[in-house]
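Have a look at the structure below, then the notes.
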Amino acid sequence: MAATSLRVRVGTTPESLVVCNPNDEAHPVPISGEHFEGHFLIRINNFQGVVPEGATRIPTCAYFEGHRRLMSIQFQGRFRQPWTANDL
């Protein structure tokens, strides 16, 4: 039986998903869709999964030092048009 590996994909639609490199704090993944644009970053402690072709796997980062954290998902950006809380 083949071992399974974690592959993290990011995008605004199923068709736009791309593999990202967890723990690469210097290169968050840009995301852009009809309603939102911004950046996405995921951190996974002791990451041993799949990374984009040509990328170097980063097993961990300083975010985890001295803490019992296992993962973090962070995104920032802006909505392309005004929304109310009811719309979300």
Top-ranked residue in region 60-88 [being in contact with a strand residue (DSSP E or B) (Cβ under 7 Å, 6 or more places away or on another chain) and assigned to a loop (DSSP other than H, G, I, E, B); ranked as least open to solvent (accessible area, probe 1.4 Å)]: Cys61
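How about region 14-23: which of its residues are outside any strand (DSSP E or B) and either basic (Lys, Arg) or open to solvent by 30 Å² or more (accessible area, probe 1.4 Å) (or both)?
Within region 14-23, Pro14, Glu15, Ser16, Leu17 meet the criteria.
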Residues within region 31-51 that are within 23 Å of Thr4 (Cβ to Cβ) and either exposed (fewer than 13 other Cβ atoms within 10 Å of the Cβ) or over 17 Å from the mean Cα position of the chain (by Cα) (or both), tallied: 2
Taking the condition in contact (Cβ under 8 Å) with a residue 40 or more places away in the chain and aliphatic (A, V, I, L, M), does Val19 pass? no
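The values are calculated or read from the model by the stated rules, or taken from the named source; none is laboratory data. All figures in this text were calculated on a predicted structure; none of them were measured in a lab. Glycine gets a Cβ as well: all are built from the backbone with ideal geometry, and neighbour counts include every protein chain shown. For accessibility, only protein heavy atoms count, side chains too; no ligands or nucleic acids. Shrake-Rupley method; radii C 1.70, N 1.55, O 1.52, S 1.80 Å.
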